[in-house]
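In what follows, a single structure is set out as structure tokens and then discussed.
The values are calculated or read from the model by the stated rules, or taken from the named source; none is laboratory data. Owing to the predicted nature of the structure, the values given are computational and were not obtained by experimental measurement. Methodologically, a virtual Cβ is constructed for each residue, glycine included, from the backbone with ideal geometry; neighbour enumeration extends over all protein chains shown.
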Amino acid sequence: MAGLPALKDTFVQLKTRMEKAVEDFRQHLVGTRTGRASVHMLDNVRVPYYGSEMPLNQVAQVSAPEANLIVIQPFDPSLLADLEKALRTSELGFNPQNDGKIIRLPIPPMTEERRKDVVKQLHKQLEEHRTAIRNIRRDGNDAIKKTAKDKKISEDEEKRSLEEIQKLTDDEIKRIEEMCRGKEKEVMSI
């Protein structure tokens, strides 16, 4: 398919879109809570800063000195109250402790029930990303069928191209499923 001039752009576009979907899933996995403290758990926390919402890691230094503690030191000390409020209102369920200069975020150990909930969320995200990849495949198939209908490629080339897109789709879905299995194993291990 990539060798056919009429479909080269379509193939490149499909591959790029599928890779973006896989990268989005990988980013989601990085932020997923496991039993250990990780600075990436706070990637989605936004803090009000001079009238706009900023990612936490752009207004403070975030580190995980221990397996069950995250330390947040704001670049601007006047942000301490806003940081603490943003952490409390986030859906992460943490209880930040403010000492006037830094915020300590103790990470409680996950219960078995919480681990199962996290795995459920992982599977939900996996299914959403599978669907996204399949939608990209559908767009590609439509483009190929339209090109064949316009007589720019032969029926054999159309069939071969559709098979290539299916193989690409299967490979990308397999990649995100493997990532999910690895993260699930990490979440369920104590």
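Are any of the residues in segment 99-116 within 25 Å of E23 (Cβ to Cβ) and either under 20 Å from the mean Cα position of the chain (by Cα) or not β-branched (V, I, T) (or both)? No, that holds for no residue. Here E172, E164 are screened, and the one residue that is of a type in the set (D, E), assigned to a helix (DSSP H, G or I), in contact with a Phe, Trp or Tyr (Cβ under 9 Å, 6 or more places away or on another chain) and in contact (Cβ under 8 Å) with a residue 40 or more places away in the chain is E164. Summed over segment 1-21, residues that are part of a helix (DSSP H, G or I) and not polar (S, T, N, Q) total 11.
Among the residues of segment 111-158, those identified as among the basic types (K, R) and in contact (Cβ under 8 Å) with a residue 60 or more places away in the chain are R115, R137, K152. Taken over segment 136-161, the criterion of being surrounded by 12 or more Cβ atoms within 10 Å (Cβ to Cβ) and either aliphatic (A, V, I, L, M) or part of a loop (DSSP other than H, G, I, E, B) (or both) is satisfied by I136, A143, I144, A148, K152, I153. Checked across segment 119-133, the condition of being farther than 23 Å from K20 by Cβ and in the same structural domain as Q27 (by TED's automatic domain parsing) holds for at least one residue.
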